[in-house]
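Asker: Take a look at the following structure, please.
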Amino acid sequence: MAELRNTVQGSLLENEPMAKHTSYGIGGPAWAYITPNDKFDLQNILHFASAENIQVYFVGSGSNLLVADEGIDGIVITLGKSFTHLEINGSHIYAETGVMLGRMVKECIKRNLSGLESMIGVPGTLGGALIMNAGAFGGEISNCLEKVEVMTLAGELKKYSANEIDFSYRHSTFREDEIIIGAYFELEEIDADEIQEKRNSASKGRKANQPLRFRSAGSVFKNPKPGLAAGYLIDQAGLKGTRSGDAEISEKHANFFINHGTAKASDIAKLIRIARKEVKEQFDVMLELEIKTLGFKEDVFTP
Ligand SMILES: Cc1cc2nc3c(=O)[nH]c(=O)nc-3n(C[C@H](O)[C@H](O)[C@H](O)COP(=O)(O)OP(=O)(O)OC[C@H]3O[C@@H](n4cnc5c(N)ncnc54)[C@H](O)[C@@H]3O)c2cc1C
């Protein structure tokens, strides 16, 4: 740890509870939680980790993450607070990975640039959105993407054009050993009324259907196929309101599992197993996780 401290120029928090860095408010300590200052700092940290054989994990703002109660034995790196430069020239955008998606969406709407407005209200950073191919109300982050800049574990910078990465529903084929640094987009200028209408309808839909007063990580499971929502199946299985400790399958939206205050990762994991088991038994569908998990043993989510 002392050597790592000498290497890092940005912030390094030792045995940092991940509960402080996830929208669930859940998660045990990370051995080191690091926010590098810049690319050079990041490069040095990655070199150190690979020379010392220390496992590295990349996160954004933790709004799609469930971290185990036991924590993470390794280095967790976030660029969420330091890589926040956003540049808009006409319809061209360059954003660093730590830019909050909400900020980017609002700046585009202000300029009547269309492509991201249906994602108003999706929490998280640009990096997390690209990995997840985040989307809402018909729009996806990959739709207007041109290029992405990443750094490999060896500290090399690489660029991918959008067509070198496969994007599908809540899925992308970025390599797990590369960290997203920034991305380029091209949007389309449209009429101000049209963009406001799309924005308002997305915003209304979100407020009407999601339990936004409570801590969650959004949808826990992917929808099994277009037109068949995971939340519908969990609801039909009679599971709304099911609790484990302080965790609950939301009464408002059955695909949101909420933390009433002191829920543990093991509580959310138990609700995941229950939902999967019941939906499989009643509808012969095995639900696939949308949220990303860190620090768990392999079969924890198997019913
Ligand atoms: C109330 C609520 C509503 C939500 N609604 C939606 C919605 O409508 N649509 C939707 O798609 N999602 C939704 N989500 C989920 C979440 O907001 C998105 O998945 C978001 O894009 C995650 O961004 P993040 O920065 O928090 O990523 P994190 O949760 O920190 O990470 C997500 C994944 O990305 C990886 N990652 C993050 N940053 C990097 C990086 N720089 N380089 C490499 N890997 C990285 C992590 O390892 C992890 O695998 C919702 C969540 C909440 C809490």
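Asker: If you count the DSSP beta bridges with both ends in the chain, what percent of them are antiparallel, to the nearest 5?
Answerer: The antiparallel proportion sits near 80 percent.
Asker: Then there's this: Taking a ≥ b ≥ c as the square roots of the Cα gyration tensor eigenvalues, with a/c under 1.5 meaning rounded and otherwise prolate when a/b beats b/c, else oblate, which class fits region 1-152?
Answerer: In terms of gyration-tensor shape, prolate.
Asker: Would you please give the FRET efficiency between ARG273 and LEU157, computed as 1/(1 + (r/R0)^6) with r the Cβ-Cβ distance and R0 = 41 Å, to the nearest 0.05?
Answerer: Plugging the Cβ-Cβ distance into 1/(1 + (r/R0)^6) gives 0.50.
Asker: Right, something else. How many nm is it between the label spots at ARG103 and THR262, if each spot is 7 Å from the Cα in line with the beta carbon?
Answerer: Here the answer is 3.6 nm between the modelled labels.
Asker: Sticking with this structure for a sec: What percent do you get for the relative contact order of the chain when only Cα pairs under 8 Å and 6+ apart count?
Answerer: 16 percent
Asker: Rounded, prolate or oblate: which fits the chain, taking a ≥ b ≥ c as square roots of the Cα gyration tensor eigenvalues, rounded meaning a/c under 1.5, else prolate when a/b beats b/c?
Answerer: Oblate is the answer for the chain, as a/c is 1.5 or above yet b/c matches or exceeds a/b.
Asker: If you take every DSSP beta bridge fully contained in region 40-105, what fraction is antiparallel? Give it as a percent rounded to 5.
Answerer: 50 percent
Asker: Just to confirm the filter: which GluC sites (Glu not before Pro) across region 142-181 are DSSP coil and have at most 13 other Cβ within 10 angstrom of their Cβ?
Answerer: Passing both the DSSP loop test and the Cβ count: GLU156, GLU176.
Asker: Any idea how far apart MET286 and ARG213 come out in nm if each label point goes 7 Å out from Cα toward Cβ?
Answerer: So the label points at MET286 and ARG213 sit 3.8 nm apart.
Asker: For PHE296, enumerate residues with amide H under 5 Å from its amide H, sequence gap 5+ or separate chain, H modeled in the peptide plane.
Answerer: Close amide H contacts, sequence-distant or interchain: ALA68.
Asker: Oh, and also: Rank by packing, highest mean first: peptides 181-192, 99-110, with packing defined as the count of other Cβ atoms within 10 Å averaged across residues.
Answerer: Ranking, from highest mean packing down: 99-110, 181-192.
Asker: May I ask you to derive the FRET efficiency for THR7 and GLU87 from their Cβ-Cβ distance with R0 = 35 Å, giving the value to the nearest 0.05?
Answerer: Efficiency at R0 = 35 Å is approximately 0.75.
Asker: Consider a paramagnetic label point 7 Å from the Cα of LEU228 along Cα→Cβ; state which residues of region 265-303 have an amide N under 13 Å from it.
Answerer: Counting backbone N atoms under 13 Å from the label point, the list is 279-288.
Asker: How high is the relative contact order of region 2-78? Use alpha-carbon pairs under 8 Å, at least six apart in sequence, and give a whole percent.
Answerer: This gives 38 percent for region 2-78.
Asker: As a test of the formula, what do you get for the chain when each DSSP H run with n ≥ 4 contributes -39,500 (n - 2.57) and the sum is divided by the residue count, at 222 nm and rounded to the nearest 500 deg cm²/dmol?
Answerer: -8000 deg cm²/dmol
Asker: Could you calculate the FRET efficiency of GLU194 with THR293 from 1/(1 + (r/R0)^6), where r is the beta carbon distance between them and R0 is 51 Å, rounded to 0.05?
Answerer: E between GLU194 and THR293, to the nearest 0.05, is 0.85.
All of the numbers you see were taken from the coordinates with simple rules; none came from a lab. These numbers were taken from a predicted model, which means no experiment stands behind them. Backbone-built Cβ (ideal geometry, glycine too); neighbour counts: all protein chains shown.
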